[in-house]
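Below is one structure, written out as structure tokens, with a few remarks after it.
Only the coordinates and a few stated rules stand behind these numbers; no lab work does. A quick note: this is a predicted structure, and the numbers were derived from the prediction, not measured. We place every Cβ from the backbone using ideal geometry, glycine too, and count neighbours over all the protein chains shown.
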């Protein structure tokens, strides 16, 4: 299973903390490490490969620095020429793997989610993997608390 970390974003939602060149996923908002780094750390599991990171040109050095800071490496960092949200980012990663002759499960994750209970996440990931290996499409989510 290959994690695909979507690390785009304009940095406009949490302004002035985050900004265009330093969006929230690269800030330590929920602990001593950044949200991007927390995403990487929660994927340090058996059977989970090195991640593919999709980001824009302006963030490529931040991504590299934050990977190095936690002694993590990515398979590759794919640069979006311009942000077009989730589907195109997933498509370029899938095409990248296919161009290498690889047909592997992709675990698509945003770089800015907070997941507090890692045991539940890891258990859900195991269940999801089994379903995906049987050809099912799997989506993670949480029940809405308000409309």
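Dividing the summed helix terms, -39500 (n - 2.57) for each DSSP H run of n ≥ 4, by the number of residues in the chain produces a 222 nm estimate of -10000 deg cm²/dmol to the nearest 500.
Of the beta bridges DSSP finds with both residues in the chain, what % are antiparallel, to the nearest 5?
5 percent
Sort 26, 82, 140 by Cβ crowding within 10 Å, fewest neighbours at the top.
The order, fewest Cβ neighbours first, is 82, 140, 26.
I'd like the distance between the alpha-carbon centres of the stretch 116-138 and the stretch 24-95, rounded to an integer number of Å. If you average the Cα positions of each part, the centres end up 20 Å apart.
By other beta-carbon atoms within 10 Å, ranking 120, 52 with the fewest at the front produces 120, 52.
Ranking 33, 123 by Cβ neighbours within 10 Å, fewest first, what do you get?
Working: 33 15, 123 11.
Fewest-to-most ranking of 33, 123: 123, 33.
Springs join every pair of Cα atoms under 10 Å in this Gaussian network model of the chain, and among 60, 84, 129 the largest mean-square fluctuation is at 84. Orientation-averaged projection of the chain equals 9.8 nm² [convex hull of Cα atoms, one quarter of hull surface area].
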